[in-house]
1. So for region 185-202 (the condition being part of a strand (DSSP E or B), within 14 Å of the chain's Cα centre (by Cα) and closer than 22 Å to I83 by Cα), does at least one residue qualify?
2. Name, by its number, the condition in (1) touching a residue at least 24 places away in the same chain (Cβ under 8 Å); (2) under 21 Å from C230 (Cα atoms) that does not hold for R147.
3. Looking at E138, E93, E130, can you tell me which residue is part of a loop (DSSP other than H, G, I, E, B) and among the charged types (D, E, K, R)?
4. State all residues of region 1-31 that are touching a Lys or Arg at 6+ places or on another chain (Cβ under 7 Å) and modelled with pLDDT of 80 or more; if no residue qualifies, say none.
5. Could you grab me the full set of residues in region 121-134 that are of a type outside the set (A, V, I, L, M, F, W, C) and at pLDDT 95 or above?
6. Can you tell me which residue in region 223-256 is farthest from G182 (Cα to Cα), limited to those that are in a loop (DSSP other than H, G, I, E, B) and of a type in the set (V, I, T)?
7. Please pick out the residue among T103, T68 that is more than 21 Å from K202 (Cα to Cα), at pLDDT below 95 and crowded, with 20+ Cβ neighbours inside 10 Å.
8. Looking at region 149-168, can you tell me whether even one residue there is in a loop (DSSP other than H, G, I, E, B) and buried (at least 23 other Cβ atoms within 10 Å of the Cβ)?
Amino acid sequence: MLYGEERKIKILEYVQQHSRASVQELCQSFEVSEATIRRDLKELEEAKLLRRTHGGAVSLQSVNFEPTFVEKEDKFLKEKQAIARKAIEFIEEGDTILLDSGTTTLHLAKELKPLTRLTMVTNSIMIAHELEGVPGIEVMMIGGTLRRETLALVGPLAEQALNMIRVDKAFVAINGLDITEGLTTPNLLEAATKRKMIQSAKTVFLLADHSKVGKVAFAKVAEVQEIDKCISDNAMPVSVINQLEKLGVDVYTVNP
């Protein structure tokens, strides 16, 4: 039997190790009541050691940490390339599309080059550079403040520009995909810009490899049911696929 302070230390270690934990998990692990766990989580949150969520808690290391674009570029490379190859199947000549800043969307940008009649809007300087000068593709960049971590243009100017346009299809990237917590990213400005992207599109595609599943970052972008289609790799858990489909999201998985 652990004393209160010992138990809180162990709870914090558990949450940090697993990135997140539900109240039920913690009750079973520490053999105490739900009320006790909720009280411990409240005290740990007040001490700024974790963040409570609906039904549990997530590690602050998880919700605040954001790798740079370069750090993410080579991770799950084959998965991202396969997701991009699937995504291109949904793009037709004459479409107006929006590509969010991200490493997977950058791979999608590379797949666009054979098209001869396309309008592409983006907030990514990497994507704009990739498609600059490609015949047949009109490249439009929204304005905003450049975030060095993601090389994305975000903020009020970006949101104002997105308010003025409507696109056929938006391809969005995120840091966390959780059925309960929705789509999340570590930065509030970036989350607001992504939210406007979702609102500007007739059809919203989420491009997310399996490593994003179950993760919760600091800033909420949207509810899961606000996306229309999700393209991931075949390591996405079947239980998550079933939950997404129950919420009306079409899920496509690819073999890297």
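The values are calculated or read from the model by the stated rules, or taken from the named source; none is laboratory data. Model, not experiment: these values are computed from the prediction. Cβ: placed from backbone, ideal geometry, glycine included. Neighbour counts: every protein chain shown.
1. Let us first name the residues in region 185-202 that are part of a strand (DSSP E or B), namely 185, 201-202.
Those left that are additionally within 14 Å of the chain's Cα centre (by Cα): 185.
Then drop every residue that is not closer than 22 Å to I83 by Cα, which leaves 185.
Within region 185-202, one or more residues are part of a strand (DSSP E or B), within 14 Å of the chain's Cα centre (by Cα) and closer than 22 Å to I83 by Cα.
2. The number of the failed condition is (2).
3. On the way: E138 fails: part of a loop (DSSP other than H, G, I, E, B); E130 fails: part of a loop (DSSP other than H, G, I, E, B).
The unique qualifying residue is E93.
4. Taking region 1-31 and keeping what is touching a Lys or Arg at 6+ places or on another chain (Cβ under 7 Å), we get 2, 19, 23, 30.
Within region 1-31, V23, F30 meet the criteria.
5. Of region 121-134, the ones of a type outside the set (A, V, I, L, M, F, W, C) are 122-124, 129-130, 132-133.
Scanning region 121-134 gives T122, N123, S124, H129, E130.
6. Start the filter on region 223-256 by keeping residues that are in a loop (DSSP other than H, G, I, E, B), which leaves 223, 227-228, 234-237, 247-249, 255-256.
Of the ones still in play, those that are also of a type in the set (V, I, T) are 227, 249.
Working: I227: 10, V249: 13 Å.
Result: V249.
7. Values: T68 fails: crowded, with 20+ Cβ neighbours inside 10 Å.
Answer to the selection: T103.
8. Of the residues in region 149-168, the ones in a loop (DSSP other than H, G, I, E, B) are 149-151, 155, 164-166.
Next, only the ones that are buried (at least 23 other Cβ atoms within 10 Å of the Cβ) stay: 150.
Scanning region 149-168, I find at least one residue that is in a loop (DSSP other than H, G, I, E, B) and buried (at least 23 other Cβ atoms within 10 Å of the Cβ), so the answer is yes.
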